[in-house]
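Each value in this text was obtained by applying a stated rule to the coordinates, not by laboratory testing. Remember, predicted model here, so these are calculated numbers, not experimental data. Backbone-built Cβ (ideal geometry, glycine too); neighbour counts: all protein chains shown.
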Amino acid sequence: MTNLRWQEKIRAYREFRQSGRSKKYYGTHRFRVLTVTTSEKRLLNLKRATEKVKGDDHFWFAAQEALNIWRPEVLLNPVWSVASKDNRQVLFQDMTIN
């Protein structure tokens, strides 16, 4: 997928939230878009492309290499890169698993 196509998707998610449709259909305007991508390089590329179109902290990214399907608890560790933030984040606060 090209960066332009990705940015169209980000704009659509933002519009969905800002228009109130997410509240209407799902009862909330607070949601995260989780993206697992093929590499750290691609992650950084998508994060930058997201930030260029004012994507905010609703857009979270992880590289496949940081995840392990045999240990799903790693999803709760700080493996998530978040648009508009510099440090890796945990999906849920106070739930980091060693």
Worksheet item: Is there any pair with a first residue in the stretch 1-28 that is without any contact (Cβ under 8 Å) to a residue 12 or more places away in the chain and among the aromatic types (Phe, Trp, Tyr) and a second that is part of a helix (DSSP H, G or I) and exposed (fewer than 13 other Cβ atoms within 10 Å of the Cβ) whose Cβ atoms are under 9 Å apart and which are 6 or more apart or on different chains, and what are they?
Response: Phe16/Tyr25
Worksheet item: Which number in (1) out of contact with any helix residue (DSSP H, G or I) (no Cβ under 6 Å at 6 or more places or on another chain); (2) under 17 Å from Leu91 (Cβ atoms); (3) hydroxyl-bearing (Ser, Thr, Tyr) marks the one condition that Thr37 misses?
Response: (1)
Discussion item. Being under 22 Å from Leu75 (Cβ atoms) and either out of contact with any Phe, Trp or Tyr (no Cβ under 9 Å at 6 or more places or on another chain) or among the small types (Gly, Ala, Ser) (or both) is the filter here; which residues of the stretch 10-41 pass it?
Written reply: Tyr26, Thr28, Arg30, Thr38, Ser39, Glu40, Lys41
Worksheet item: Which helices (runs of 4 or more DSSP H) sit wholly inside the chain and have at least 1 residues that are in contact with a strand residue (DSSP E or B) (Cβ under 7 Å, 6 or more places away or on another chain)?
Response: 3-18, 40-52
